[in-house]
Amino acid sequence: MNLKDNKTLQLIALAVFAGFAPWLCIMFGGNYWVRVIDFALLYVFLALGLNVVVGFAGLLDLGYIAFYAVGAYCAGLLASPHLATSFSYIKDAFPMGLHTSYLIILPLAAYIAAFFGVLLGTPTLKLRGDYLAIVTLGFGEIIRIFLNNLDRPLNLTNGPKGINGIDAVQSFGISFNKQLNIAGFDVPAVVLNYYLFLILVIMVIIVCARLQNSRIGRAWVAIREDEVAAQAMGLNTRNLKLLAFAIGASFGGVSGALFASFQGFISPESFSLSESIVILAMVVLGGMGHIPGVILGGVLLAIFPEFLRAILVPLQNLIFGHVVVDAEIIRQFLYGCALILVIRFRPNGLWPQVRVAK
Amino acid sequence: MNLIEITGVNKFFGGLQALKDAHIKVAPGQIVGLIGPNGAGKTSFFNVMTGLYPADSGQFSLNGKPYNPSAPNEVLRAGIARTFQNIRLFKDMTVLENVMVGRHARTRSGVLQTILKTPFQQREEKSILEYSYRLLQYVGIENQADQLAKNLSYGAQRRLEIARALATEPLLLALDEPAAGMNQTEKNELKELLKKICGDGTTILMIEHDVRLVMGICSEITVLDEGRVIANGIPELVRKNPAVIEAYLGPTHHE
């Protein structure tokens, strides 16, 4: 009983902190830092999606960023002038360009990404571990290369130049690219986006937690532990694995669409292999299969590099009077060191799952 | 009518014929033993029967209805649950969770119901939990419900595997060497447990090497040798069957 009260209290404290976080950022560092935590939320979103595939079902996916790309291009094509400028018949139908509402785009992005998830899952059902990793890695690259080259013969993706002028989310009477005045109080656009992302991340957390503590979640873990025994216990391993791929991918798709709306610009280089690896690192570092751990991993790995970037130059100026080593190099170096240390001393992640049945 | 009736099973692994026209019949409410020397094809027979390996030929019928052992999950749904020779638990799940996984095939809440936490889904979750806990009590390991499966003693792991199989409400419980590696006390306890399961209405087919255990609880025995059924019948007759003695001890040479 006491323990439960304590937990509720912690949750309330966390919610209050999450609610005030952007204002703290503005107080101490300005809008730049709000952007950083906006991106941190997108990364948490992605990490939670990948966690369904890697953490719950144990399917090592190195091409996860492809679903992010699918979602982003879904928004990019449906909410920008791009298609109208490259296809005359679309221009005739929509002279102002396509400006689909995000209330349609977000579910659509989830759906299309889930379709791609199943597309990736189906041929890889019999693969595990390293072999699955290689195929998924290839899949991620294929998607990126497609996006890079689908500007000819028909200009579908605008190739490496990317898609510009993507609409921001404009729903519920709020434009998420303009500052909003609430009773004489100005709320900057980045803060609005923060709250939008926060609400969606909370929804994803709830979905993940409910799935985890259900017959489906247990079935995924069983497949991860011993696929033969799982099937012998009546689990339709094929459908369950495809389900994990589809759900994980749909989260990736939604966050990709949010990314596109937030940036207003997307290009294939945002969806490189290194991004897939960063997201996987978030999941592994935080604690595979453990939702709070994955959130922690996502927040840390998204903010830590920005934090280093901000302090390394002033720090070197202070000590040496000038910049000795480029901040980017030190950042990569420390990032690598941090990963090695965590793997060495906390192989199950910073905040691993403690399995106790209720 | 027999609960399970399997005839004419052939199984090749490349050029090797592991099963030659193998067959078995199990009447409901019985404990039937499947014995034979090492390499006789007992586990292959189990694997074919439960859909783990596809059979090259054979007729399979369960409870009067033909079934097609094409996939293990389908066979389980039809009503045959099995355990494995080398225990295959979900090691990093708790004991209770292992049994709860066994309930999967008999429950049906989908993704949407789970995400929305519908009353049906919550009732079902509660029933899964209660059913599983009762099964742990049934096999006598409920005080270890929160342990990880891998931390259980060998005998308890065997019991857990049986509980997990029972959670699927099988018509036939197929046990692959349930007593392997057990000491005499554990074997006696296992014997009591199997009798109790059978008494409560679940038919058992078991592969077992321990002749004393098999003779003690099985009402009928089928003997496999080199993939062929060489004898079947009540234990007393099987024991005296010259073909069985020859299979186990080698052919007798007359000078």
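From the list B:174, B:167, B:179, B:149, the lone residue that is of a type outside the set (Phe, Trp, Tyr), under 21 Å from residue B:212 (Cα atoms) and within 11 Å of chain A (Cβ to nearest Cβ) is B:174.
Can you name every residue in the stretch A:303-358 that is surrounded by 10 or more Cβ atoms within 10 Å (Cβ to Cβ), free of Cβ contacts under 8 Å to residues at least 12 places away in the same chain and within 14 Å of chain B (Cβ to nearest Cβ)? Of everything in the stretch A:303-358, those that are surrounded by 10 or more Cβ atoms within 10 Å (Cβ to Cβ), free of Cβ contacts under 8 Å to residues at least 12 places away in the same chain and within 14 Å of chain B (Cβ to nearest Cβ) turn out to be A:355, A:356, A:357.
Within the stretch A:335-352, the set of residues being touching a Leu at 6+ places or on another chain (Cβ under 6 Å) and part of a helix (DSSP H, G or I) comprises just one member, A:342.
Applying the criterion of at least 3 residues that are within 21 Å of the chain's Cα centre (by Cα) and not polar (S, T, N, Q) to the helices (runs of 4 or more DSSP H) found wholly in the stretch A:85-197 leaves A:102-121, A:129-149.
Residue B:176 satisfies every condition listed in (1) more than 15 Å from the chain's Cα centre (by Cα); (2) over 28 Å from residue B:130 (Cβ atoms) except (1).
Quick one: is residue B:39 on the phi > 0 side of the Ramachandran plot, surrounded by fewer than 21 Cβ atoms within 10 Å (Cβ to Cβ) and at pLDDT below 90? Answer is yes for this residue.
For every residue, the table says whether it meets (1) charged (D, E, K, R); (2) touching a strand residue (DSSP E or B) at 6+ places or on another chain (Cβ under 7 Å).
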| residue | (1), (2) |
| --- | --- |
| B:218 | no, yes |
| B:225 | yes, no |
| B:229 | no, yes |
| B:236 | yes, no |
| B:241 | no, yes |
| B:244 | no, yes |
| B:251 | no, no |
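Taking each residue of the stretch B:174-186 that is over 23 Å from residue B:24 (Cα atoms) and looking for partners that are surrounded by 17 or more Cβ atoms within 10 Å (Cβ to Cβ) with beta-carbon atoms closer than 6 Å, six or more apart or interchain, yields B:182/B:155; B:186/B:155.
Highlighted here are the helices (runs of 4 or more DSSP H) found entirely within the stretch B:10-120 that include at least 1 residues which are touching a Gly at 6+ places or on another chain (Cβ under 6 Å) and either hydroxyl-bearing (Ser, Thr, Tyr) or within 11 Å of chain A (Cβ to nearest Cβ) (or both): B:72-78.
Within the stretch A:114-130, residues that are among the basic types (Lys, Arg) reach partners that are assigned to a helix (DSSP H, G or I) with beta carbons closer than 8 Å, at six or more positions or on different chains, in the pairs A:128/A:227.
Restricting attention to the stretch A:255-301, the residues that are under 27 Å from residue A:134 (Cβ atoms), of a type outside the set (D, E, K, R) and part of a helix (DSSP H, G or I) add up to 24. Residue A:221 meets the stated requirement of being crowded, with 20+ Cβ neighbours inside 10 Å, assigned to a helix (DSSP H, G or I) and within 11 Å of chain B (Cβ to nearest Cβ). Taken together, the residues in the stretch B:148-169 that are surrounded by fewer than 20 Cβ atoms within 10 Å (Cβ to Cβ) and farther than 16 Å from residue B:101 by Cβ amount to 5. Within the bounds of the stretch A:266-287, is there any residue that is under 29 Å from residue A:10 (Cβ atoms), under 22 Å from the mean Cα position of the chain (by Cα) and either within 14 Å of another protein chain (Cβ to nearest Cβ) or surrounded by fewer than 18 Cβ atoms within 10 Å (Cβ to Cβ) (or both)? Scanning the stretch A:266-287 turns up at least one residue that is under 29 Å from residue A:10 (Cβ atoms), under 22 Å from the mean Cα position of the chain (by Cα) and either within 14 Å of another protein chain (Cβ to nearest Cβ) or surrounded by fewer than 18 Cβ atoms within 10 Å (Cβ to Cβ) (or both). Out of the residues in the stretch B:121-131 that are of a type outside the set (Lys, Arg) and more than 9 Å from chain A (Cβ to nearest Cβ), state the one that is farthest from the chain's Cα centre (by Cα). Filtering first and then ranking leaves B:122.
The values are calculated or read from the model by the stated rules, or taken from the named source; none is laboratory data. Bear in mind the structure is a predicted one, so any value in this text is a computation, not a measurement. Positions of Cβ are generated from backbone atoms using ideal geometry, with glycine treated the same way; all protein chains shown enter the neighbour counts.
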